[in-house]
Amino acid sequence: QVQFVESGGGLVQPGGSLRLSCAASTTFFSSYSMGWFRQAPGEQRELVASITRYFRTNYTDSVKGRFTISRDNAKKTVYLQMSSLKPEDTAVYYCNAPNPWDDAWGQGTQVTVSS
């Protein structure tokens with residue numbers, strides 16, 4: 001069973017930066033595309049960034065140029081470098097496959113952007 005553990009969130013001022021990490025338990029991590037999702041209060045969970053097994057990346061328009069997704073297959077970890085953060089980036093951030101496994105969601109990591 002695949003499990004993900006997210007970390008690295010926190011409180012940051014507008015314009016600041018954070019780096020999120022997601023550790024995966026699966027042996028076959030390098031074979032999977034991975035994604036970062038976020039869910040703000042009262043909103044649906046949305047996919048904000050993804051990276052394929054070939055390291056091809058894709059971003060939702062609202063984070064393009066500010067967020068960078070990367071992966072380290074040896075560490076079975078995916079990262080999300082976030083910069084120029086805005087209050088509207090406030091959410092709980094999760095990782096999963098872009099077509100997510102329903103039973104693999106972790107606890108997420110809270111990102112709060114506020115002055």
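For this structure, a couple of remarks:
- Over all distinct Cα-Cα pairs of the stretch 1-45, the Kirkwood formula returns a hydrodynamic radius of 13.0 Å.
- Size descriptor, Kirkwood hydrodynamic radius, that averages inverse alpha-carbon separations across the stretch 1-87, Å: 13.6 Å
- Cβ-placed point charges (K, R +1; D, E -1), dipole of the stretch 9-62 about Cα centre in debye, nearest 20: 200 debye
- Taking 0.692 mPa s as the viscosity and 37 °C as the temperature, the Stokes-Einstein diffusion coefficient of the stretch 44-87 based on its alpha-carbon Kirkwood radius rounds to 290 µm²/s.
- Per-q log10 I(q)/I(0), the stretch 41-115, q = 0.13, 0.20 Å⁻¹ (Debye; single scatterer per alpha-carbon; no solvent): -0.41, -1.00
- Applying the Karplus relation 6.51 cos²θ - 1.76 cosθ + 1.60 with θ = phi - 60° to the stretch 74-84 yields 3J(HN,Hα) values of 5, 9, 6, 9, 10, 10, 9, 8, 10, 10, 6 Hz, where x marks Gly and Pro.
- The residues of the chain expose on average 55 square angstrom of accessible surface per residue, using a 1.4 Å probe on protein heavy atoms.
- Over all other residues within a Cβ to Cβ distance under 15 Å of TRP105, the charged ones net out to -2, with Lys and Arg as +1 and Asp and Glu as -1.
- Counted charge near SER21, where neighbours are those whose Cβ lies closer than 14 Å (Asp, Glu -1; Lys, Arg +1): +2
The values are calculated or read from the model by the stated rules, or taken from the named source; none is laboratory data. Please read all numbers here as calculations on a predicted model, not as lab measurements. Heads up, the Cβs are rebuilt from the backbone with ideal geometry, glycines too, and the neighbour counts pull from every protein chain shown. Side chains are part of the model used for accessible areas, which takes the heavy atoms of the whole protein and leaves out ligands, DNA and RNA. Shrake-Rupley method; radii C 1.70, N 1.55, O 1.52, S 1.80 Å.
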